[in-house]
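> What follows is a single structure, and I will ask about it in a moment.
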Amino acid sequence: MRRAERAVLVGIVVAVAIALRWGFVAMAHVPNPLRVDAGEYAQCAYNLVEHGVYSTSTQLPPLPDSFRSPGYPLLLALCRVVGGTSHWMSLALWLQVALGGLTVLLCYRLARACLGFLPALSAALLCALSPHLVVSSGYFLTECWTTFVLTTGLWLVSVATARGVLHAALAGLVLGFAVLCNETLVFVPFVVVFALWRTLGRARAITLLLCAMLPFALWTVRNQSQTLARTGSERMTASISHGSYPGMVFQDPRLVGFPYREDPEQPAFGSSWENLRTVLAGRIAADPWRYASWYLLEKPLWLWRWNLVQGNGVLVYDVSNNPYDSQAVVAATGALMRWLHVPCMGLAALGATWFLFRRRTPALLRAIAGLAIFGTLAYLPVIPDPRYLQPFRPLLFVLGPAVLAALVAGVLQRTRGNKREDNSSAENGGQIFQLGLPVSSRTAPPSS
């Protein structure tokens, strides 16, 4: 297939991604869109623009805090500056539509750095059609922005493997900003550098890691240098307590997903690390096997399932005039992805474990596998909501086609019976599969 033909196919996939996101934002109506988490992000942006203080407080003057990570409120603050008080919300939503389309393109480029054309295109198509990613453009929540920033950072890492120290520094800074979008992602630069140490080389690897830690270090210095009304540590303890209920039920099954609302020991349970340890240790001691099953087996499955824990299907907040209900074509894409969900996640889980330990795995693909695993582990302490794995969803969509590519390549190798011929044919630009080649063996990212 010619390069121009490939570019056309990729362009079609990106256009489909933008059309789905555009359609959702244009048609769906979110009642009271600035509520709960979204309201606090918007309040942070307001206080930053109007008072020069980063705070979730509604009091005047607002007292500084670090309760919410600053990455997404900074985007909303920019939208406030550009769009003004009347148009900033519309600007933010349409910007997220564009970012969603770019995320699909970057997913393709990231996959193309270690896979052949068809697997990479398949990953981009899954990313384009994913209802979880589509609807994230319509909420004032961190997922759309964080997914874009993380995918951009990882794509820049793939570029840095063939370029100089400056590219590694840029990749590190973007990954560092992803940490500011969601501080749970602090492990990401370490996994990337560990997997790509030999491919990047010492200078680029150290540069990438130092630049990735710089934004978080500056945020930490800011938080330590002043008295804060609320801290991110308070939110973390509350989140861990909220996710500690096996099956996300306390007593009343009608409150599934929100068990802490009827627990008499809340909110004291999640108000401090000491209370958290005391209450949770007592409950685990009373039923250790149930809690072991919940944390080690059930929570990972919940994180990778289709329905959100605190939401309606893939919707975080209910909407009216949902195109997935009213538009036949959009509904068909949603039904297709729902049907493909279990096979896709099954292949992604297989790929995450297989590529992490497979000797001949390209370093970039091993990093993606490691991020999928560590991303799952990072969210085991809190509510196991698939929404939290949203930034890793493009990576999961890369792993699935990669597994199929590796299996087909293995069958072809056995059929031909000549491993050297298979490897040399895989290096040709027109071949479908490139698994088994070290990323460092290429001097530049493959063409589209």
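> Please compute the Cα-Cα pair-distance distribution of region 157-259 with 5 Å bins starting at 0, giving whole percents from short to long.
Computed distribution, short to long bins: 2, 12, 17, 14, 12, 10, 10, 10, 7, 4, 2, 0.
> Follow-up question, since we're still on this one. Testing the spin-label approximation: label points 7 Å from Cα along Cα→Cβ at residue 249 and residue 360. State their distance in nm.
Placing both labels 7 Å along Cα→Cβ, they lie 4.9 nm apart.
> Based on the alpha-carbon gyration tensor of region 167-226, what equivalent-ellipsoid semi-axes (square roots of 5 times the eigenvalues) come out, in whole Å, largest first?
22, 11, 9
> For region 315-398, what Kirkwood radius comes out of the mean inverse Cα-Cα distance, in Å?
Result for region 315-398, one decimal place: 14.7 Å.
> On to the next question. Can you give the Kirkwood hydrodynamic radius of region 73-118 from its Cα pairs, in Å with one decimal?
For region 73-118, inverting the mean 1/r across all distinct Cα pairs yields 12.1 Å.
> Follow-up. Hey, could you grab the Kirkwood Rh for region 117-211? Inverse mean 1/r over distinct alpha carbon pairs, Å, one decimal.
Value: 14.1 Å, from the Cα pair sum.
> Determine, for each peptide in 62-71, 118-127, the mean count of other beta carbons within 10 angstrom over its residues, then list the peptides with the highest first.
Ranking the peptides 62-71, 118-127 by packing returns 118-127, 62-71.
> Hey, another quick one. Using only the Cα atoms of region 298-363, what are the Rg and Dmax in Å?
16.0, 50
> Here's a follow-up. With just the Cα atoms defining each centre, how far is region 85-103 from region 321-365? Give it in Å.
If we compute the Cα centre of each part, the gap is 25 Å.
> Would you work out which of 376, 351, 221 lies farthest towards the positive end of the dipole of the chain, given +1 charges on the beta-carbon of Lys and Arg and -1 on that of Asp and Glu, about the Cα centre?
Result: 351.
> Using the Kirkwood radius over Cα pairs, work out the Stokes-Einstein diffusion coefficient for region 61-162 at 10 °C and 1.306 mPa s, in µm²/s as a whole number.
106
> Apply the a/c threshold of 1.5 to the C-alpha gyration tensor of region 250-391 and tell me whether it is rounded, prolate or oblate.
oblate
> Could you give the angle, 0 to 90 degrees to the nearest 10, between helix 165-181's Cα long axis and the longest principal axis of the Cα atoms of the chain?
Helix 165-181 sits at roughly 30 degrees to that axis.
> A further question follows. With unit charges on the beta carbon (Lys/Arg positive, Asp/Glu negative), name the residue among 26, 7, 67 whose Cα is farthest towards the positive pole of the charge dipole of region 1-98.
7
> State the dimensionless ratio Rg/Rh of the chain (Rg: radius of gyration of Cα atoms; Rh: Kirkwood radius).
Taking Rh as the inverse mean 1/r over Cα pairs, Rg/Rh reads 0.97.
> Taking Cα atoms of region 52-92, Rg/Rh with Kirkwood Rh, to two decimals?
1.01
> Would you work out if region 239-301 is rounded, prolate or oblate? Take a ≥ b ≥ c from the square roots of the eigenvalues of the alpha-carbon gyration tensor; rounded if a/c is under 1.5, else prolate when a/b is larger than b/c, oblate otherwise.
oblate
> Right, something else. Note down, for region 14-85, the three equivalent ellipsoid semi-axes (square root of 5 times each alpha carbon gyration tensor eigenvalue), biggest first, whole angstrom.
28, 13, 11
> When ranked by the protection proxy of mean other Cβ atoms within 10 Å per residue, highest first, what sequence do the peptides 162-174, 105-117 form?
Those peptides, ordered most packed to least, come out 105-117, 162-174.
> Quick check on packing: order 75-87, 197-209 by the mean number of other C-beta atoms within 10 Å, highest mean leading.
Averaged packing, sorted descending, gives the order 197-209, 75-87.
The numbers here are math on the coordinates, done by the rules we state, and not lab data. Just so we're clear, the structure is a prediction, and the values are computed from it rather than from any experiment. Glycine gets a Cβ as well: all are built from the backbone with ideal geometry, and neighbour counts include every protein chain shown.
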